[in-house]
Amino acid sequence: GNEAQKAKYLPLIASGAIITSFALTEPDVGSDSGSVKTRAELDGDAYVLNGSKRYITNADKADLFTVMARTGGPGPKGVTAFLVPRDLPGLSVGKPERKMGQQGAHVCDVNFDNVRVPVENRLGAEGDGFKVAMRVLDRGRLHISAVCVGAAERLIADSIAYAKNRQQFGKPIAEFQLIQAMIADSVAECKAAKALVLQTARAKDRGERITEDCACAKLIASEMVGRVADRAVQIFGGAGYIADYGIERFYRDVRLFRIYEGTSEIQRTIIAREALRSEG
C-alpha cells in the first residue's frame, strides 16, 4: 500500500481493532489465480466491483478485504488489488461452510453487487494485483510451513507420551521397535522440515528472493505433517480414532495444509519453474 493507506489501516490492523481477509479464490478460480473473473470497472472516482469469491477465510468476521479483481484483459496482468471495507453497499457475505477440520477458522463466500470502491483504495497500479497476491502467498506459504512444524511437534510429543503409558503384552508399547520406527521417522522428518523453514525465514529477513524456498518449505512441511498425523493415529490405535484424545482432530485439521496457500502440485510446479529459470 501507499503511505496514506498504511497510515489509515495498519494501526487498526495491528491493534486488532479491525480484522482483515484476503479474497482471491473464486468458484471457478483456484490454483489458476491469474484468471479471476470478478470485475472492477472504473466509473469516475470509484471502481465498481461485481463478482464472487469463495472459501474466504475470516470473511464472516472481517472488516476489510483485500480483493483481486479484473480491470484489464485476460491473464495475470489484467488483475488489480483493492482494499474493500465490509460496510460498502452491495457487499454481502455468505454463511460459513461446513468443513472437514479447522473449525476455528470460518470460510465463506463474499459477493460483490455493484460495490463502489474509491480509487484511493486501489493497491498499487492497475495490473499489479497478481504481483501483490504472489508476495502475500510467499509469506503465507512460509507461515503455513511453520504451523505445520508446530502441529507435528505437538503430535510427536503426544505420541511419545501415549506410547510410554499404553501397556500391551506386559510392557509399554514404546518398547516395541515398530512403534519406535514410526516415532523415529516422525522426529527426523519434522526436524528436517523445521530446518528448511528456519533457513527460509532467515533468507526472507535478509531481503532475498524466496519464492522457490517458500514453495519447497510449504511442500515438505505440509506433506510431512500429514504423515506424522497418520502415524500418530496408528500409535494411538483405536484411541486415535476417538474424539476424546484430540488426535483425530489433528488428523483432519492438517489435511488442509496440502491444499490452501497453493496445493502440493502447485508448489512442485513453482519449484521446477524457479529451478529451471535459475539454471537458464
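The values are calculated or read from the model by the stated rules, or taken from the named source; none is laboratory data. Given the structure is predicted, the values throughout are model-derived calculations rather than measurements. Note that each Cβ is placed from the backbone with ideal geometry, even for glycine, and that neighbours are counted across all protein chains shown.
State whether one or more residues within segment 83-104 are of a type outside the set (S, T, N, Q), within 24 Å of Asp138 (Cα to Cα), modelled with pLDDT of 95 or more and buried (at least 16 other Cβ atoms within 10 Å of the Cβ).
yes
How many residues, within segment 197-211, are surrounded by 20 or more Cβ atoms within 10 Å (Cβ to Cβ) and at pLDDT 95 or above?
Number of matching residues: 2.
State the number of residues belonging to segment 257-278 that are surrounded by 16 or more Cβ atoms within 10 Å (Cβ to Cβ) and of a type outside the set (A, V, I, L, M, F, W, C).
Step one: filter segment 257-278 for residues surrounded by 16 or more Cβ atoms within 10 Å (Cβ to Cβ), giving 257-258, 260-264, 266-267, 270-271, 274.
Subsequent filtering for residues that are of a type outside the set (A, V, I, L, M, F, W, C) retains 258, 260-264, 267, 274.
Of the residues in that region, 8 qualify.
Name the residue, out of Ala193, Ala161, Ala157, that is surrounded by 17 or more Cβ atoms within 10 Å (Cβ to Cβ) and aliphatic (A, V, I, L, M).
Ala193
Which numbered condition in (1) under 21 Å from Thr25 (Cβ atoms); (2) part of a helix (DSSP H, G or I) is the only one that Tyr260 fails?
Among (1) under 21 Å from Thr25 (Cβ atoms); (2) part of a helix (DSSP H, G or I), Tyr260 violates only (2).
Kindly list, by first and then second residue, each pair from a residue in segment 5-23 that is over 25 Å from Gly94 (Cα atoms) to a residue that is not in a loop (DSSP other than H, G, I, E, B), limited to pairs with Cβ atoms under 7 Å and residues at least 6 apart or on different chains.
Gln5/Leu83
Can you find even one residue in segment 109-118 that is within 30 Å of Ala203 (Cβ to Cβ), of a type in the set (A, V, I, L, M) and touching a residue at least 12 places away in the same chain (Cβ under 8 Å)?
Within segment 109-118 (the criterion being within 30 Å of Ala203 (Cβ to Cβ), of a type in the set (A, V, I, L, M) and touching a residue at least 12 places away in the same chain (Cβ under 8 Å)), the answer is no, since none of the residues qualifies.
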